[in-house]
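See structure below.
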Amino acid sequence: MHKPVEASSHAAPTQAPSLPLSRFKVLDLTLARAGPSCVRTLADWGADVIRIEPPPEAAEASEVVGRRDGSDFQNLHRNKRAMTLNLKTDEGRKIFMRLAEQADVIVENMRPSVAKRLGVDFESVRKRNPRIVYGSISGFGQYGPYTERPSIDQIAQGMTGIMSVTGFPGQGPLRVGVAVTDIMAGAFLAQGILIALLDREVSGQGRWVQTSLIEAGITLMDFQATRWTMDKKVPPQEGNFHPTNTPMGLYPTSDGFLNLAATSNKNFVKFCKLIDREKMGTDQRFATAPLRARNKEALNEMIAGALCARSTREWFEIMVGAGIPCGPVYNVKDVFADPQVETLRIKRSVKHPRLGEVDLIAQPCEITGFDRALRSATPDLGEHNQEILASLGFDADGIEKLKAAKAI
């Protein structure tokens, strides 16, 4: 007689039928940051995400729990279900393919040869489910001479020009302080997956959606990249000043710094009056935007000298009152104390069974009629094994056999 399957120790993510992606099932095979950030978007907007991870060795168990309870991991993997699956075993691959037959989306960020070796690549899955939308993130893309190279965000920042335009002139390249190519590759892949799902509604076909850290980084370079592709100019480092628009940048005050932009002719003349430098507004060296850009060193030096007469708070109130774009420089604590940030409620809390209430960062978009509240905390490793396997028809004895075979 088969033993009954016990319920999971923690509740599954609250399924919200009203959320726009609630009709889609996603299999998450991702690691690190780029892939998980893509899947997080799908999960936050209601997709039923099953995060698939390899079962840990016994000696790794405590380390796994500690890492999962960290703020970074909790922020990346909320609103998902979790199961362990050893894709190096025949039993594990069979279960994966059964799940893939029911799925709408699969997301992975393995090196291309690894997915093929495991038999979970796009072509293998498509034979079982022609409607699958399969998303892949890699360091350098799915084809080309660098396909099998490993990569991380900082390598991508270096190879896409980002580090060459970040920092102060003469002080060498500088990385951006957050993992910009990881985060944006995840955002671009989520966008591509949603486009493919829209296409599937018309064509009935699944698609392979691909992006890479290097493509994300080049896209982030944006106008700096086209300064080379069109203008054949290699952009230099400009420190805290805008590369092409003046005055726009970070200027010292009597007690700190102020970011401001007064680049249009109208705003520039107004700005000169506000800082008691009206002659600067009629100086022919600064009469037009191109002239201000050409003479930016002299202009910035004059502005810095004027702004040192007052505090950041005083200048901020003066500029905001006159409609000049400006703002202070916050640390992260300051960010979340700002009344505008508090009003937008991008910081949202969710209850974790061990950690209690934790504050995480919600999706950056609001969509009328939908709530971006977080529904469930990051699950424990394999937390939903029994629930998911039971949905495939496994009873308690079958699940025990899978454990014995080290498939889960």
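The values are calculated or read from the model by the stated rules, or taken from the named source; none is laboratory data. None of the values given here were measured: they were computed from a predicted structure. Ideal geometry is used to build each Cβ from the backbone, glycine not excepted, and the neighbour counts take in all protein chains shown.
Overview of values
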item: Search result, residues across the stretch 29-49 that are assigned to a helix (DSSP H, G or I) and either out of contact with any strand residue (DSSP E or B) (no Cβ under 8 Å at 6 or more places or on another chain) or at pLDDT below 95 (or both); result: 37, 40, 41, 44
item: Looking only at the stretch 259-293, and only at residues there that are over 36 Å from the mean Cα position of the chain (by Cα) and basic (Lys, Arg), the one that is nearest to residue 322 (Cα to Cα); result: 270
item: Residue under evaluation residue 324, criteria (1) touching a Lys or Arg at 6+ places or on another chain (Cβ under 8 Å); (2) more than 30 Å from residue 349 (Cα to Cα); (3) surrounded by fewer than 17 Cβ atoms within 10 Å (Cβ to Cβ), criterion not met; result: (3)
item: Lone qualifier among 244, 226 - being β-branched (Val, Ile, Thr), closer than 23 Å to residue 291 by Cβ, assigned to a loop (DSSP other than H, G, I, E, B) and outside the structural domain of residue 152 (by TED's automatic domain parsing); result: 244
item: Matching residues, the stretch 318-373, being among the charged types (D, E, K, R), within 20 Å of residue 73 (Cβ to Cβ) and touching a residue at least 60 places away in the same chain (Cβ under 8 Å); result: 354
item: Tally of residues being acidic (Asp, Glu) and closer than 30 Å to residue 123 by Cβ across the stretch 202-252; result: 1
item: Selection status of residue 97, of a type in the set (A, V, I, L, M), part of a loop (DSSP other than H, G, I, E, B), surrounded by fewer than 21 Cβ atoms within 10 Å (Cβ to Cβ) and out of contact with any Phe, Trp or Tyr (no Cβ under 9 Å at 6 or more places or on another chain); result: no
item: The stretch 142-155 - residue that is touching a helix residue (DSSP H, G or I) at 6+ places or on another chain (Cβ under 7 Å) and surrounded by fewer than 22 Cβ atoms within 10 Å (Cβ to Cβ) and, of those, farthest from residue 97 (Cα to Cα); result: 151
item: Count - residues of the stretch 382-399 that are under 27 Å from the mean Cα position of the chain (by Cα) and either outside any loop (DSSP other than H, G, I, E, B) or at pLDDT below 95 (or both); result: 0
item: Only listed residue being over 28 Å from residue 26 (Cα atoms) and touching a residue at least 40 places away in the same chain (Cβ under 8 Å), chosen from 205, 224; result: 224
item: Residue pairs meeting the criteria (Cβ under 7 Å; at least 6 apart or on separate chains; first in the same structural domain as residue 100 (by TED's automatic domain parsing) and assigned to a loop (DSSP other than H, G, I, E, B), in the stretch 121-141; second surrounded by fewer than 17 Cβ atoms within 10 Å (Cβ to Cβ) and of a type in the set (Gly, Ala, Ser)); result: 131/204
item: Members of the stretch 275-284 found to be touching a helix residue (DSSP H, G or I) at 6+ places or on another chain (Cβ under 6 Å), assigned to a helix (DSSP H, G or I) and surrounded by fewer than 18 Cβ atoms within 10 Å (Cβ to Cβ), listed by number; result: 278, 281
item: Test result for residue 253, exposed (fewer than 15 other Cβ atoms within 10 Å of the Cβ) and more than 22 Å from residue 170 (Cα to Cα); result: no
item: Criterion: more than 18 Å from residue 39 (Cβ to Cβ) and either in a helix (DSSP H, G or I) or at pLDDT below 95 (or both) - qualifying residue of 199, 231; result: 199
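Per-residue answers, yes or no, for (1) touching a strand residue (DSSP E or B) at 6+ places or on another chain (Cβ under 9 Å); (2) loosely packed, with under 12 Cβ neighbours inside 10 Å; (3) of a type in the set (A, V, I, L, M, F, W, C):
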| residue | (1), (2), (3) |
| --- | --- |
| 333 | no, yes, no |
| 336 | yes, no, yes |
| 348 | yes, no, no |
| 377 | yes, no, yes |
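Conditions tested, residue by residue: (1) under 25 Å from residue 212 (Cβ atoms); (2) modelled with pLDDT of 95 or more.
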{"site": "67", "(1), (2)": "no, no"}
{"site": "80", "(1), (2)": "yes, yes"}
{"site": "84", "(1), (2)": "no, yes"}
{"site": "92", "(1), (2)": "no, yes"}
{"site": "96", "(1), (2)": "yes, yes"}
{"site": "102", "(1), (2)": "no, yes"}
{"site": "107", "(1), (2)": "yes, yes"}
{"site": "116", "(1), (2)": "yes, yes"}
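Here's the yes/no breakdown for (1) more than 28 Å from residue 105 (Cα to Cα); (2) of a type in the set (Asp, Glu); (3) in contact with a strand residue (DSSP E or B) (Cβ under 8 Å, 6 or more places away or on another chain); (4) not assigned by TED's automatic domain parsing to the domain that holds residue 46:
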residue	(1), (2), (3), (4)
144	no, no, no, no
157	yes, no, no, no
160	yes, no, no, no
166	yes, no, no, no
182	no, yes, no, no
191	no, no, no, no
196	no, no, yes, no
